[in-house]
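Okay, so here's the structure we're looking at.
Computed from the coordinates by the stated procedures, all read-outs in this text should not be read as laboratory data. Bear in mind that the values here come from a model prediction, so they are computed numbers and not experimental data. All Cβ positions, even for glycine, are placed from backbone atoms using ideal geometry, and neighbour counts span all protein chains on display.
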């Protein structure tokens with residue numbers, strides 16, 4: 001068993017090495033340049049589009065823009081926002097937070113590109129539901145069926161790891177440590193709740209995600225903001241550490257890539273999943289008239305996940321100074337201790353309940369990703385079998401030691417990214433052309449709106 005763990009650990013280090021991190025961030029930089037850094041200029045409109053009450057009901061699709069975003073965020077906002085940030089700060093220092101921001105900024109362009117391709121090349125399955133994602137735009141856009149199949153295989157396997165067993169195990173450990181709840185009880189309840197939601201398909205997942213995700217995000221962010229506001233005088237020092245240690249010789253040049261850069265980029269990608277190819281599967285289900293419109297909505301997911309939620313965790317940890325000399329293997333408990341240090345007793349509950357909701361939402365979000373990969377490989381009839389096995393794995397993960405599962409999850413997440421990034425780079429002309437089409441549409445919409453206002457004024 002020890003030999004297997006060592007092998008998997010080495011494999012994880014290899015696939016998540018400098019080459020992969022450079023490819024992930026490099027793709028984001030490349031797309032940002034080609035799109036004129038539209039993640040800055042279009043962010044206000046994208047946020048308005050994502051959270052507006054008026055949703056497109058006439059266009060093809062299964063769920064609204066908002067539900068699509070919440071489904072993607074359900075799968076994205078998870079243990080990476082708590083344990084992942086903590087690990088980055090412990091191992092890479094406060095400067096790692098800065099490099100998480102950099103990853104998110106360029107990752108927004110990546111997420112935008114993924115969503116555009118996913119909507120453009122989506123298809124209707126035998127049930128009349130939308131199916132899309134990297135496997136479809138690789139096959140239909142590039143004509144490389146073999147590469148699409150590889151992505152689907154990697155995605156299906158990854159859904160049982162980082163999207164299932166790792167998350168249920170985190171919930172079981174949190175409840176056992178805080179309230180003394182037996183993992184079997186936690187696992188059984190989680191399995192039942194998961195089964196009830198995912199058996200209803202994407203519409204059920206979208207409805208539940210639309211309630212859980214806003215609640216859990218606001219709950220956690222408000223808790224963090226209270227801590228920040230109560231210690232507002234510490235903020236300048238925290239930012240000084242983050243920016244100052246992001247560019248030290250060790251942070252940038254130490255090791256192969258530098259400790260802050262390496263851990264900041266790796267944990268940033270782990271948190272927001274930009275480039276992995278998972279989120280565009282949810283984007284394909286959205287009701288939208290143009291790929292560019294849904295792409296803007298999807299782009300906001302990276303902003304909300306990393307720039308907002310991860311920043312709350314990072315600032316709290318840096319202000320606490322508890323990261324100095326801390327054990328990276330106890331990253332979740334360090335976040336609990338940091339919140340408890342600022343808000344005695346209450347802070348720990350904020351992190352614990354945040355972790356529970358984050359992890360559970362990840363499970364239901366990733367169940368959809370996995371079933372779409374399975375249906376691509378084996379047909380729509382295989383979905384019900386997948387859902388049953390996926391639900392059973394939730395219980396198994398709650399009561400099993402997952403050192404090996406963590407390692408396997410890391411490996412297959414990286415293997416997912418490789419076909420997806422190839423597709424993004426080779427189909428970048430499609431991304432640019434679809435963006436131009438939607439910009440023309442937006443220009444006409446604004447002109448029409450201005451003319452309407454002028455008529456009303458007269």
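Got a sec? Which residues in the range 139-163 would a label at residue 389 touch, if it sits 7 Å along Cα→Cβ and we count backbone N under 19 Å?
The answer is 149-163, whose backbone nitrogens lie closer than 19 Å to the label point.
Taking the chain, how much of its Cα-Cα pair set, in percent, is spaced more than 39 angstrom apart?
17
If r is the Cβ-Cβ distance from residue 308 to residue 439 and R0 is 35 Å, what FRET efficiency results, to the nearest 0.05?
Calculated transfer efficiency: 0.85.
In bins 5 Å wide, starting from 0, what share of all Cα pairs of the range 38-138 does each bin hold, as a percent?
So the P(r) values, bin by bin, are 2, 10, 14, 20, 19, 15, 10, 6, 3, 1, 0.
Over the alpha-carbon set of the range 154-307, divide Rg by the Kirkwood Rh and report the Rg/Rh ratio to two decimals.
Values: Rg = 19.5 Å, Rh = 19.1 Å.
Across the range 154-307, the Cα-based Rg/Rh ratio is 1.02.
Please sort 226-239, 20-33 by packing, taking for each peptide the average over its residues of neighbouring beta carbons within 10 angstrom, highest first.
20-33, 226-239
Obtain the nm distance between the two label points defined at residue 380 and residue 184 by a simple spin-label model: each point lies 7 Å from its Cα along the Cα-to-C-beta direction.
It is 4.1 nm.
Find the centroid of the Cα atoms in the range 1-38 and in the range 377-445, then give the distance between the two in whole Å.
If you average the Cα positions of each part, the centres end up 15 Å apart.
What percent do you get for the relative contact order of the chain when only Cα pairs under 8 Å and 6+ apart count? Before the final figure, lay out each step's value.
Working: 804 pairs, mean separation 164.0, N = 458.
With pairs under 8 Å counted, the relative contact order is 36 percent.
Relative to the present Cα-Cα distance, how much length would full extension add between residue 5 and residue 124 at 0.36 nm per residue of separation?
The residue 5-residue 124 span can extend by a further 38.7 nm.
Packing-wise, with mean Cβ within 10 Å as the measure, how do 345-357, 211-223, 76-88, 410-422 rank, highest first?
Details: 345-357: 19.8, 211-223: 17.6, 76-88: 28.5, 410-422: 23.2.
Result, highest mean first: 76-88, 410-422, 345-357, 211-223.
By average Cβ neighbour count within 10 Å, what is the ranking of 153-159, 202-208, 170-176 from highest down?
My ranking of the peptides, most packed first, is 153-159, 170-176, 202-208.
Alpha carbon centre of the range 258-291 versus the range 90-115: separation in Å?
If we compute the Cα centre of each part, the gap is 10 Å.
What's the FRET efficiency of residue 51 with residue 176 using the Cβ-Cβ distance as r and R₀ = 35 Å, to the nearest 0.05?
Taking R0 as 35 Å, the efficiency between residue 51 and residue 176 is 0.45.
Please give the per residue volume of the convex hull enclosing the alpha carbon atoms of the range 311-366, rounded to a whole number of Å³.
Spelled out: Cα convex hull of the range 311-366, divided by residues, is 83 Å³.
Hey, with R₀ at 41 Å, roughly what FRET efficiency would residue 226 and residue 192 work out to, going by the Cβ-Cβ distance, to 0.05?
0.75
Can you tell me, using C-alpha contacts under 8 Å and at least 6 residues apart, the relative contact order of the range 1-145 as a whole percent?
Details: 79 pairs, mean separation 33.8, N = 145.
Worked out over the range 1-145, it gives 23 percent.
Give the shape of the range 1-52 as rounded, prolate or oblate, defined through the alpha-carbon gyration tensor: a ≥ b ≥ c are the square roots of its eigenvalues, a/c under 1.5 means rounded, and otherwise the shape is prolate if a/b is larger than b/c and oblate if not.
Oblate shape, in that a/c is at least 1.5 and b/c is the bigger or equal ratio.
With runs of 4+ DSSP H residues as the only contributors, calculate the mean residue ellipticity of the chain at 222 nm using -39,500 (n - 2.57) per run, divided by the residue total and rounded to the nearest 500.
Here the helix-only value at 222 nm equals -24500 deg cm²/dmol.
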